[in-house]
1. Among rounded, prolate and oblate, which fits the chain when a ≥ b ≥ c are the square roots of the eigenvalues of its C-alpha gyration tensor, a/c under 1.5 means rounded, and a/b larger than b/c means prolate?
2. Taking every pair of alpha-carbon atoms in region 22-69, give the share separated by more than 13 Å as a whole percent.
3. Taking the alpha-carbon centroid of each part, what is the distance from region 5-77 to region 232-246 in angstrom?
4. Highest mean first, what order results for 187-193, 126-132 on Cβ atoms within 10 Å?
5. Given Cα positions, please report Rg to Rh for region 47-108, the hydrodynamic radius being the Kirkwood one.
6. Given only helices, namely DSSP H runs of n ≥ 4 each adding -39500 (n - 2.57), what is the per-residue ellipticity at 222 nm of the chain, to the nearest 500 deg cm²/dmol?
7. Shape verdict for region 1-101, please, from the Cα gyration tensor: rounded (a/c under 1.5), prolate (a/b greater than b/c) or oblate.
8. For the Cα atoms of the chain, what angle does the longest principal axis make with the long axis of helix 40-52, in degrees from 0 to 90, nearest 10?
């Protein structure tokens, strides 16, 4: 579809095209959801592995559910979570097919890297939670168990639904936090911010990082600090990226003159 044809499209044609892309996206999610629901046990085992390896499974310590429907709805949540995760690249392609015809070649070249970087950074944030943050956090929380002879015996019996909600909250929090360079560099690209304005806003950004961490993570210092620090580091990286973008924009302006 050429730029001229896209510009001549009526509102109805735009809405029809949007509906087509939404239907394809919904179909992707539905198909992947069915597949993920079939493998829900394996997917839950994958998410539970950081905690299971710390539990005393030889003595029967593991997960429980206290409501008849809890295990079923937990598997539905798992299937939907992974369906969104696996379908996102396909949805991103539909987004690209909808907006690309209305972009000039230089705009396509500028926008495409952000679309590619978004799922990669989200995956990086989720991987950091799974392989680094959660094992340390779960080990800290399990240190409050008292399995010895002295005192009152205290042992964790984790509920499936509660653990899944906590793990998903962690993954979403870090995945969203890792989008910060994409958002700020895109804003710098269109001239909404500059590297100097980001530097001037740094002290407020640090406060916002800790407030966001307090809102998105469980109410314990370790979880909040483990999210706030990456946000601050990513903000510093965004300042550097914004500086490079501004230099490139200034160079293009000089070349055009």
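None of the figures in this text is laboratory data; all of them are computed from the coordinates on show. Quick caveat, the model's predicted, so the values are computed rather than measured. Virtual Cβ from ideal backbone geometry, glycine too; neighbours counted across all protein chains shown.
1. On the way: a/c = 3.52, a/b = 1.55, b/c = 2.28.
Oblate shape, in that a/c is at least 1.5 and b/c is the bigger or equal ratio.
2. Values: 792 of 1128 pairs.
Cα-Cα pairs of region 22-69 separated by over 13 Å account for 70 percent.
3. Taking the Cα centre of region 232-246 as reference, the centre of region 5-77 is 33 Å away.
4. Details: 187-193: 15.4, 126-132: 17.0.
Peptide ranking by packing, descending: 126-132, 187-193.
5. Working: Rg = 20.7 Å, Rh = 15.7 Å.
Rg/Rh: 1.32.
6. Values: 11 runs with 195 residues, N = 257.
Helix contribution divided over all residues of the chain: -25500 deg cm²/dmol.
7. On the way: a/c = 5.25, a/b = 3.20, b/c = 1.64.
It comes out prolate by the Cα gyration axes.
8. Taking Cα atoms only, the helix is inclined about 70 degrees.
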